[in-house]
Amino acid sequence: MRQELLSLPKTLAEDVARNLVMVAKLLDEDPEKAYGYSRVALRLASRVAAVREAAGFAAYAFGKYSEALAEFRAARRMTGSAELWPVMADCERGIGRPEKALAMAGEPEVQRLDKSGQVEMRLVAAGARRDMGQADAAVVTLQSPELASHAVHPWTARLRYAYADALLAVGREDEAREWFAKALEADQGGTTDASDRLAELDGVEFTDALSEDDEEQEQEQEQEQEQGRDDVQDLTEAEVEDKVEDKAGDQVETEVETDADADDQVNDRDAAEVGTDADEAETEPAAPVVPTFSDAGESAGGSAGEAGSPEAGK
């Protein structure tokens, strides 16, 4: 891919490379976004085989099989390689043409594939047989030296899993269980759900304890809320009025008690002030009585009248 991008101007090559990196990063976790990045790269460099191939895989993962097939064909014309032959056949299955996919399994291009590619082609052919309702033929298609080998390769788990699934489809449950177990032994990367299929055959159900606790708590909360609503609905109008009257009476009593407390406080304050005045009167010394001028005149006049008035000299 790097060699192919070198044919582009530097800035353009960098932009295309960034989009292809995002396609590879998101292809499994978010096929839709990966497809979007592939379309950008395709608009920038549609004549680069690696871009057409990446766009094909993005469309394939997103379920756009016709579009994926067109991109794979374009990439194959540019490179002349046969390595995309199995995925092209699987696109034919996705479009709804299993007969075409089965015919591709007998083409000379299959002989040009490496061992991994040939196993992929066998898997596609078996799937096409099942699409056509030929379940027993699918089992026979998967029987091969690669299946019988005890060596573990990157494709071993998928081949054993497909064979187990095909056996189960024709009612050979015991054999299917055996091959699901073999698939699980070879599945070092966790590419299949062989463990779940084994548990299903054994009647084992896995439950999430945390999830059950959360559900129980939610159910309890809902029951409490429903009970509260029922309690409110059970109150009659008379009970509601009684509650309102009781609340009003309590409020009036509170106000009366508050007023009485206020009056007591005022009386206590007045009594305290009166007592203070009395104490001050007792402690102050009495002021001396000074006779006024009128009082002195009246006293002297009274004495002269009695001792030396004119009439008294006559």
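The values are calculated or read from the model by the stated rules, or taken from the named source; none is laboratory data. Since this is a predicted model, take the numbers as computed values, not measurements. Note that we place each Cβ from the backbone using ideal geometry, even for glycine, and neighbour counts take in every protein chain shown. With ligands, DNA and RNA removed, areas are computed over all heavy atoms of the protein, side chains included. Shrake-Rupley method; radii C 1.70, N 1.55, O 1.52, S 1.80 Å.
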Is it true that some residue in the range 131-151 is over 18 Å from Ala105 (Cα atoms), acidic (Asp, Glu) and in a helix (DSSP H, G or I)?
-> no
Can you run down the residue pairs with Cβ atoms below 6 Å, 6 or more apart or on separate chains, where the first is in the range 152-175 and modelled with pLDDT of 95 or more and the partner is assigned to a helix (DSSP H, G or I) and aromatic (Phe, Trp, Tyr)?
-> Arg160/Trp179; Tyr163/Trp179; Ala164/Trp179; Ala164/Phe180
In the list Val21, Val16, Val40, which residue meets the criterion of being open to solvent by 80 Å² or more (accessible area, probe 1.4 Å) and β-branched (Val, Ile, Thr)?
-> Val21
Taking interchain pairs and intrachain pairs at least six residues apart, which have beta carbon atoms under 6 angstrom, with the first residue in the range 103-129 and in a helix (DSSP H, G or I) and the second of a type in the set (Ser, Thr, Tyr)?
-> Ala125/Thr141; Ala126/Thr141; Arg129/Thr141
Residue count, the range 135-193 (criterion: within 24 Å of Ala103 (Cβ to Cβ) and within 36 Å of the chain's Cα centre (by Cα)) = 4
Only listed residue being of a type in the set (A, V, I, L, M), open to solvent by less than 50 Å² (accessible area, probe 1.4 Å) and over 18 Å from Cys91 (Cα atoms), chosen from Ala135, Ala128 | Ala135
Counting only residues that are open to solvent by less than 50 Å² (accessible area, probe 1.4 Å), under 15 Å from Trp155 (Cβ atoms) and assigned to a loop (DSSP other than H, G, I, E, B), the range 170-190 contains a total of 1
For residues in the range 144-163 being closer than 14 Å to Lys115 by Cβ and hydroxyl-bearing (Ser, Thr, Tyr), which is most open to solvent (accessible area, probe 1.4 Å)?
-> Ser149
Subset tally (residues that are over 18 Å from Asp114 (Cβ atoms) and open to solvent by less than 70 Å² (accessible area, probe 1.4 Å)) for the range 58-92 | 13
From the residues in the range 93-108 that are touching a Lys or Arg at 6+ places or on another chain (Cβ under 9 Å) and of a type in the set (D, E, K, R), which one is most open to solvent (accessible area, probe 1.4 Å)?
-> Lys100
Ser66 fails exactly one of (1) at pLDDT 95 or above; (2) more than 24 Å from Asp30 (Cα to Cα), namely (2)
Is there a residue in the range 118-125 that is crowded, with 23+ Cβ neighbours inside 10 Å and of a type in the set (Gly, Ala, Ser)?
-> yes
Please work out if Arg52 is open to solvent by 40 Å² or more (accessible area, probe 1.4 Å) and either in contact with a His (Cβ under 7 Å, 6 or more places away or on another chain) or in a helix (DSSP H, G or I) (or both).
-> yes
